[in-house]
1. Lys/Arg Cβ at +1, Asp/Glu Cβ at -1, dipole of the protein assembly as shown taken about the Cα centre: which of A:Tyr23, B:Cys140, A:Leu223 is farthest positive-ward?
2. Could you report segment B:115-356's accessible area per residue, 1.4 Å probe, as an integer in Å²?
3. Please list, short to long, the whole-number percent of alpha-carbon pairs of segment A:103-159 in consecutive 10 angstrom bins beginning at zero.
4. Other chains near B:456-469: what is the mean number of their Cβ atoms within 10 Å of each residue's Cβ?
5. Would you mind giving the mean number of other chain beta-carbons within 10 Å of the Cβ of each residue in A:310-316, as a whole number?
6. Quick one: with label points 7 Å out along Cα→Cβ, list the inter-copy distances for A:Asp214 in nm, shortest first?
7. Just to be sure I understand the model, the point goes 7 Å from the Cα along the line to the Cβ. What's the resulting B:Ala415 to B:Glu230 distance in nm?
8. Using the Karplus equation 6.51 cos²θ - 1.76 cosθ + 1.60 (θ = phi - 60°), what ³J(HN,Hα) coupling, rounded to whole Hz, does each residue of segment B:358-367 give in order, writing x for Gly and Pro?
Number of protein chains: 2
Amino acid sequence: MMSDEKRASGQGDSLSPDEFRRYGHEVVDWLADYLSGQREYPVLPNRQPGDLMDALPAHGPAEGEGMDAILKDFREQIVPALTHWNHPRFFAYFAVSASAAGILGEMLTAGINANGMIWQSNPAATELEMTTLGWLREWCGLPDTFFGEIFDTASVSTLHALIAARERIAPETREEGAPRGLVSYASEYAHSSVEKAAMTLGIGRNHHRNIPVDAEFRMRTDLLESQIEEDRRQGYTPFCVTATIGTTSVTSVDPVAEIAAVCGRHGVWLHVDAAYAGPLAICPELRHYFDGWERADSIVLNPHKWMFTPIDLSVFYIRHPEILRKALSLAPAYLRTAEHPRAVNLMDYGVPLGRRFRSLKLWFVMRSFGRAKMEENLRGHIRMAQELAARIAAHPRFEVTAPTPFSTICFRLRADEATNARLLAEVNTGGTLYLSQTRLGDLYTLRLAIGNVFTTQADMDLAWETIQREAEKL
Amino acid sequence: MMSDEKRASGQGDSLSPDEFRRYGHEVVDWLADYLSGQREYPVLPNRQPGDLMDALPAHGPAEGEGMDAILKDFREQIVPALTHWNHPRFFAYFAVSASAAGILGEMLTAGINANGMIWQSNPAATELEMTTLGWLREWCGLPDTFFGEIFDTASVSTLHALIAARERIAPETREEGAPRGLVSYASEYAHSSVEKAAMTLGIGRNHHRNIPVDAEFRMRTDLLESQIEEDRRQGYTPFCVTATIGTTSVTSVDPVAEIAAVCGRHGVWLHVDAAYAGPLAICPELRHYFDGWERADSIVLNPHKWMFTPIDLSVFYIRHPEILRKALSLAPAYLRTAEHPRAVNLMDYGVPLGRRFRSLKLWFVMRSFGRAKMEENLRGHIRMAQELAARIAAHPRFEVTAPTPFSTICFRLRADEATNARLLAEVNTGGTLYLSQTRLGDLYTLRLAIGNVFTTQADMDLAWETIQREAEKL
């Protein structure tokens, strides 16, 4: 309890624990209503850029304001400017969701506020991270030689893959700096984060090769190998290949086993980007999509994408964590503790020093769902996607523009780009659902991705009716 | 509402909204009790490495478990293995805290689950980030030419400073790769993240110069300038100087104005690391410590350190955001939206693509405290530190080993290193408080950092009594 003297002097928290209790209950009630009433919101807000900034005060308050006023402004100013990612008809990019169990975990993480930079600074977070990532590794059928750690996003996980790959081939980097001429590879349908990692690390876009794909948008292994050979002849040093299981545009699956063989022959690091599709490996009947990923040097998969875990939580598995440790470990005097073989200091394996207690929400989600219910949800999403893809393909005015292995449908009106772009804009403006777009080669294509735990078949039906109705108006 | 059909088929969330409501209230009550009863916990847990992992199941559950069981295990297994960063007598590293308002903001962020990678994907998060960082910029007396964005940690903010600095001096990096011979500078007391950034970017530790400090642990500007000149003569390319306001070991303040002049003369990027002390710029009478930082090219300061905001939230200000955009922007087809001068896509200014809605908690904290109460808390921490430093200095067996400009006291027993290390271990094992250690030159020194919003003078008295009592036992 805060002493009266303390409160009187103006120090201490802005709310007492009892005030926190009262407003905490109010926030929980709002969240419970939000979880049950998400469909009442337009998925995409009806706002122009700058509207919210213009509506908010230009200056922070000199004196503290009451929580009633803050929560009122949250409801009246912030919520109407939100894109509702938790909405069951959010189908843009990759659909994600914060499950109730995940939200409860986040609430506790916020209150505990522990920082797991070293074991001693948060034994619970350090060991729960290792435990939950061990569970997930097993659910995904990966060997226990993979060491797991959590980053915020897949972009940062992939950055660490390239750092480790560079360290293996050029161990002088840590002290002397990276050699020039390192070359990275991924398919032309790989996520932009691979190219961004090459830019970040000073490798340069011109030394990142976008390998062409086959008719089903899968990396051409023959062209990968010939490019590696050509680069070697030119004096370059191939150091990392990123294969993708579930590319962002089109969710195609690179032939990972073949790529692993190429990487093995040429001594190149294999990173597997399964940020989106990775959780599907939990389902035994879908495991074939992952053939070969057990031979990867590193893997990224995102529970905040398709495991109903609130953003952010990206999982990075690496077969040789000591390589990353060699590249990045620094233990300044103010962080040194006694060594112990089981006291892992996670700061040694990454760029960020501070670490939120992210594994807590994953633990809540994995325990609350269990493997069975997680599998059922994933299968349900794929089933709903397959059904919708069939309906789209059967419609005379629409076409499906790519295979639909998972839960993301690429489709378009049989019409020109401008008409499709107008259809997208009209659908999204209506607020019933939210789609995004991509390009397959030059072909402008709409994308509908299913992955939200709240999505039902009725949502799918309404989405498809809305798309057809908007198309009829064009 | 979830349909019965849906629940029956095993799909959908693992908890209904009503179950979320019930357990949410239970979690809020636990958190309220935690906030008022934090002093009942040992700050550092009585656990050996591996204890928690050994106690937890080795395999994830096949079937979902009830939330009652999960919350029970949280209380009985996780909490006893926590280092309690929110405890009022956590004085290690830098003391931080999650205020009640900040926790409420995090709860909403978790439930909303919005990702602000581009404006359209979360207008509220994008614009609230710009609004709150505008408020903070004004509170800190920084010119509005600084563009603000949020990263997870100061390490990642500083990484972006070096990326921007590299881009300015070597704009060919994005396409062609970074030139060799870039050299970075910081004082030998700078945070390890500066050196780690140089390692990450492939610059190499040998091209990061640790500039010696004066008797008060401040960077020697004369030696910085002569080193830059010497490096130029040797054919190296000086590209970034990091000056620190509040170094991690000893909270010394580099002469930023003088360093800015050196950087100006030599065309070198100036990054200011004010991760810890930055929020003090809110207090007008302390603004003199920040002389010159308004001339920086970039600045990092961490509201999750000393602004009572739950981890993680690091603020990065950059004077020329277009440089960072040039270095890192990539807009793949699946993320392209119509351009609008006020629709900022924050993904363009950083490595991570996904972005939690972090500004919400900062908005809650800034509004709930207001500037006045924020200032009062910061002043209170400094006052408590000054008082304790005076008491330590007056004690015959203790000495204060460095100036105490802010809220962090470096001190030690007048005894050898082993005795001081034993004192540290005994104090921390007791659980009443948690201290950490550092080295000032070769001198092993204890550190006591005040920054937790719940800390009172009574906590300080108890801490000092405990330290003295443990010292008497040695």
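1. So the residue furthest toward the plus end is A:Leu223.
2. On the way: 6620 Å² over 242 residues.
I get 27 Å² per residue for segment B:115-356.
3. Spelled out bin by bin, segment A:103-159 gives 20, 44, 33, 3 percent.
4. Numbers: counts 8, 5, 3, 1, 0, 0, 0, 0, 0, 0, 0, 0, 0, 0.
The shielding value for this peptide is 1.
5. Average per residue, whole number: 4.
6. Listed shortest first, these distances are 6.9 nm.
7. 4.1
8. 6, 5, 4, 5, 5, 4, 4, 5, 5, 6
The values are calculated or read from the model by the stated rules, or taken from the named source; none is laboratory data. Quick caveat, the model's predicted, so the values are computed rather than measured. Note that we place each Cβ from the backbone using ideal geometry, even for glycine, and neighbour counts take in every protein chain shown. To get the accessible areas, we keep the full protein, side chains included, count just its heavy atoms, and leave off ligands, DNA and RNA. Shrake-Rupley method; radii C 1.70, N 1.55, O 1.52, S 1.80 Å.
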